[in-house]
Amino acid sequence: MALLGCTIGSDIGTSSVKAIAFDANMQEIAHAAEKVESWHDDTGTAEQEPMVVYQAVMNVLSNTAQEAQRLGYAVERVGLSAAMHSLLPVAADGSYLAPATTWMDLRAKEEASELWKTPAGKSVYERTGTPI
């Protein structure tokens, strides 16, 4: 028997990773979610452990795909949407050097505010749609 095709969409957020599989009629056939932790402190730090987020993504995608397959569907496409902007320093070999600094991090708030007022800061927004 030929399997029916389905699509998986995943939202990689700062508080959780979610995925949903849907058929050609946009009907949900499977889903999964997993919470991810962020570290916050009184200095404005907001960081995540990259491998924890990666493992959550893999778990959620795998669980959703397995449930879809159990129901007779073959995954044909996967779409990903990631949490706003984060900074992840990586080495030349691709390994990460420090936790990911998320968009919620406020440690450079004053510097960002000053940069926003400059032509360079406005240029970043005009080119990317992302305010500093």
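Values quoted throughout were computed directly from the atomic coordinates according to the rules given, and no laboratory measurement underlies them. Predicted model only: the values in this text are computed from it and were never measured. Don't worry about glycine lacking a Cβ; one is built from the backbone with ideal geometry, like all the others, and counts go over all protein chains shown.
Couple of notes before you dig in:
- For Ala30, distant residues with modelled amide H under 5 Å away: Ala21
- A cut-off of 5 Å between modelled amide H atoms, ignoring neighbours fewer than 5 places along the same chain, links Ala82 with Ile12.
- Rounded to whole numbers, the Karplus 3J(HN,Hα) couplings from phi for the range 50-63 are x, 6, 5, 5, 4, 5, 5, 4, 5, 4, 5, 5, 5, 4 Hz, using 6.51 cos²θ - 1.76 cosθ + 1.60 with θ = phi - 60°, and x at Gly and Pro.
- Remark: the range 96-106, residue by residue, has Karplus-estimated 3J(HN,Hα) of 7, 9, 7, x, 6, 8, 8, 4, 7, 5, 10 Hz, where x stands for each Gly or Pro and the curve is 6.51 cos²θ - 1.76 cosθ + 1.60 at θ = phi - 60°.
- The H on the amide N of Val36, modeled in the peptide plane, is under 5 Å from the matching H of Ser16, Val17, each at least 5 residues off or on a different chain.
- Ranked packing of 46-53, 25-32, most packed first, by mean Cβ within 10 Å: 46-53, 25-32
- With semi-axes defined as the square roots of five times the eigenvalues of the C-alpha gyration tensor, the equivalent ellipsoid of the chain measures 36, 18, 13 Å, largest first.
- DSSP bridge pairs, the chain: antiparallel proportion in percent, nearest 5: 70 percent
- Crossing angle, helix 119-128 versus the chain [Cα axis fit, 0-90 degrees, rounded to tens]: 10 degrees
- Lys pairs under 30 Å by Cα in the chain, provided they are eight or more residues apart or on distinct chains: 5
- Near-label residues of the range 98-132 by backbone N, under 14 Å of a point 7 Å along Cα→Cβ of Ala82: 100-103
- The string of couplings for the range 19-30 from the Karplus curve (6.51, -1.76, 1.60, θ = phi - 60°) is 9, 9, 9, 9, 8, 5, 8, 6, 8, 5, 10, 6 Hz, one whole number per residue in order, with x for Gly and Pro.
- Separation of the Thr45 and Asn59 label points, Cα + 7 Å toward Cβ, nm: 2.3 nm
- Charged-residue dipole, Cβ positions (Lys, Arg, Asp, Glu), the range 4-84 about Cα centre, Debye nearest 20: 380 debye
- Measuring between their Cα centroids, the range 107-132 and the range 1-57 lie 29 Å from each other.
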